[in-house]
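**Student:** Provided herewith is a single structure, encoded as structure tokens, for subsequent inquiry.
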Amino acid sequence: MPSATPPTPRTAVRGTSRLVAYDFGAHLSTWELDGRPVVWCSEAAVLDGSKAIRGGVPVCFPWFAAGPDGDLSPSHGVARTATWRRAGTRDPELWAWTLTDEDVAGSAGVEHLPGPFRLRYAVSVPTPVEHPSLRLDLEVTNPGAAVLPVEAALHTYLAVHDVRRTEVLGLEGAGYLDKTTGRRGHLPGPMRIEGPTDAVVDSPGLPHVEVVDRDRRLVLEAHGSTQTVVWNPGAEQAAEMSDLEDDDWRGFLCVETAATGDHGLRVPPGATHTVGCTITVHDRSADRRRR
Ligand SMILES: O=P(O)(O)OC[C@H]1O[C@H](O)[C@H](O)[C@@H](O)[C@@H]1O
């Protein structure tokens, strides 16, 4: 249920990282390194709990977008606009939350829940070995007696210098659905963002994706997922979105750790499945010096 009182941000500083999160949606809204965003949040994001936060890492569950048949609302499921409960943390977690089907009783869309569920979501900032990193883990437990079929995604908004000059490596050759045209195909090479992009890419193994922009290489290593969704609205769609400034679309790219549609999760009774991702930040000038 959208929160009755405006959500309060929590801020933490760990080394060179500064992070901001809300219990509303268990939403990490910002991750900055030395004051510069890695996980991007819109300046026009609505932060009063009346709608999902535009930016950060929306947690999509138990469906993605409008669901497998395109007829469900709210968009991306009930979890991203629910107020989660804070949970105790285990090292190196910074924040953790839980959410169950009982917590969302009465919210819009709950008639579409596929069964009872228990979620635990944690944001961790591991002590950097060589490069700064962030780890996200969404544990999905099925407390019911039947298989729990769900979609899930960590809808990460990554800050880039200019999306039109950004390359996404690691998905070459994979099958994908281009949601802007409805066509399926195989990615011929590295992805370049030349206009509105909405690609659901099936992963042959666990994806290791690199987002390379002018001076940074963001490495995403997923676990427990089956797909990577790459999304940017482009200029026209962005202009229609009230929670994006007109030029914002140039400065982010969503690269989402996902399991949707035919590649969704089927959690057996009593089992827990974890979907997650580690994002590591590499400085490209250091890469060049090493060569
Ligand atoms: O506007 P939202 O509900 O946040 O969704 C934003 C986008 O999320 C995903 O990336 C989907 O693949 C897109 O189809 C959708 O437009």
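The values are calculated or read from the model by the stated rules, or taken from the named source; none is laboratory data. In this text the structure is predicted, and so the values were computed from the model without any measurement. With ideal geometry, Cβ positions are generated from the backbone for all residues, glycine too; neighbour counts draw on all protein chains shown. Side chains included, ligands, DNA and RNA excluded: accessible areas come from the protein's heavy atoms. Shrake-Rupley method; radii C 1.70, N 1.55, O 1.52, S 1.80 Å.
**Student:** Identify, by number, the condition in (1) more than 14 Å from the ligand (Cβ to nearest atom); (2) over 23 Å from Ser242 (Cβ atoms); (3) in contact (Cβ under 8 Å) with a residue 12 or more places away in the chain; (4) in a loop (DSSP other than H, G, I, E, B) that Ala105 doesn't meet.
**Tutor:** All conditions are met except number (3).
**Student:** Check Asp48, Asp71 and return the single one that is without any contact (Cβ under 8 Å) to a residue 40 or more places away in the chain, over 20 Å from Pro233 (Cβ atoms) and not in a strand (DSSP E or B).
**Tutor:** Selected residue: Asp71, the only one of Asp48, Asp71 that is without any contact (Cβ under 8 Å) to a residue 40 or more places away in the chain, over 20 Å from Pro233 (Cβ atoms) and not in a strand (DSSP E or B).
**Student:** Something else now. Residues of the range 214-237 being touching a helix residue (DSSP H, G or I) at 6+ places or on another chain (Cβ under 7 Å) and farther than 17 Å from Trp63 by Cα, which ones?
**Tutor:** Those that are touching a helix residue (DSSP H, G or I) at 6+ places or on another chain (Cβ under 7 Å) and farther than 17 Å from Trp63 by Cα: Arg214, Asp215, Arg216, Arg217, Asn232, Pro233, Gly234, Ala235.
**Student:** Keeping to the range 231-261, report how many residues are touching a residue at least 24 places away in the same chain (Cβ under 8 Å) and acidic (Asp, Glu). Walk me through how you get there before you give the answer.
**Tutor:** Going residue by residue through the range 231-261, those that are touching a residue at least 24 places away in the same chain (Cβ under 8 Å) are 231-234, 236-237, 241-245, 248-261.
Remaining after also requiring acidic (Asp, Glu): 236, 243, 245, 248, 256.
So the count comes out to 5.
**Student:** Which residues, taken from the range 118-138, are open to solvent by less than 60 Å² (accessible area, probe 1.4 Å) and either within 17 Å of the chain's Cα centre (by Cα) or under 16 Å from Trp84 (Cα atoms) (or both)?
**Tutor:** Leu119, Arg120, Tyr121, Ala122, Val123, Ser124, Val125, Ser133, Leu134, Leu136, Asp137, Leu138
**Student:** Restricting to the range 261-291, name every residue that is closer than 17 Å to Leu220 by Cβ and either among the aliphatic types (A, V, I, L, M) or crowded, with 19+ Cβ neighbours inside 10 Å (or both).
**Tutor:** Let us first name the residues in the range 261-291 that are closer than 17 Å to Leu220 by Cβ, namely 274-284, 287.
Scanning the range 261-291 gives Val275, Gly276, Cys277, Ile279, Thr280, Val281.
**Student:** A further question follows. Kindly provide the set of residues from the range 84-102 that are hydroxyl-bearing (Ser, Thr, Tyr) and either within 16 Å of the ligand (Cβ to nearest atom) or open to solvent by 70 Å² or more (accessible area, probe 1.4 Å) (or both), ordered by number.
**Tutor:** Thr89
**Student:** Conditions: (1) open to solvent by less than 10 Å² (accessible area, probe 1.4 Å); (2) more than 11 Å from the ligand (Cβ to nearest atom). Glu221 meets all but one. Number of the miss?
**Tutor:** If we test Glu221 against (1) open to solvent by less than 10 Å² (accessible area, probe 1.4 Å); (2) more than 11 Å from the ligand (Cβ to nearest atom), just (1) comes out false.
**Student:** Here is a check on your reading of the model: is Thr141 surrounded by 19 or more Cβ atoms within 10 Å (Cβ to Cβ) and either away from the ligand (no atom under 16 Å from the Cβ) or not acidic (Asp, Glu) (or both)?
**Tutor:** On the way: surrounded by 19 or more Cβ atoms within 10 Å (Cβ to Cβ): yes; either away from the ligand (no atom under 16 Å from the Cβ) or not acidic (Asp, Glu) (or both): yes.
When the stated conditions are applied, Thr141 passes them.
The rows are residues; the columns are (1) free of Cβ contacts under 8 Å to residues at least 60 places away in the same chain; (2) within 16 Å of the ligand (Cβ to nearest atom); (3) in contact with an Asp or Glu (Cβ under 6 Å, 6 or more places away or on another chain).
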{"position": "Asp137", "(1), (2), (3)": "no, no, no"}
{"position": "Ala146", "(1), (2), (3)": "no, no, no"}
{"position": "Arg164", "(1), (2), (3)": "no, no, no"}
{"position": "Glu167", "(1), (2), (3)": "yes, no, no"}
{"position": "Gly170", "(1), (2), (3)": "yes, no, yes"}
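**Student:** Are any of the residues in the range 59-67 outside any strand (DSSP E or B) and touching a Pro at 6+ places or on another chain (Cβ under 7 Å)?
**Tutor:** First, pick out the residues of the range 59-67 that are outside any strand (DSSP E or B): 61-67.
With the extra rule that they be touching a Pro at 6+ places or on another chain (Cβ under 7 Å), the set shrinks to 62.
Yes, the range 59-67 has at least one match.
**Student:** Which one of Gly77, Gly67, Gly106, Gly115 is more than 21 Å from the chain's Cα centre (by Cα) and surrounded by 13 or more Cβ atoms within 10 Å (Cβ to Cβ)?
**Tutor:** Just a single option satisfies the conditions, and that option is Gly115.
Condition check ((1) of a type in the set (Ser, Thr, Tyr); (2) under 21 Å from Asp283 (Cβ atoms); (3) surrounded by fewer than 17 Cβ atoms within 10 Å (Cβ to Cβ); (4) within 15 Å of the ligand (Cβ to nearest atom)) across all residues:
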residue	(1), (2), (3), (4)
His155	no, no, no, yes
Glu194	no, no, yes, no
Gly205	no, no, yes, no
Glu210	no, yes, no, no
Asp215	no, yes, yes, no
Ser225	yes, no, no, yes
Thr228	yes, no, no, yes
Gln237	no, no, yes, yes
Cys254	no, no, no, yes
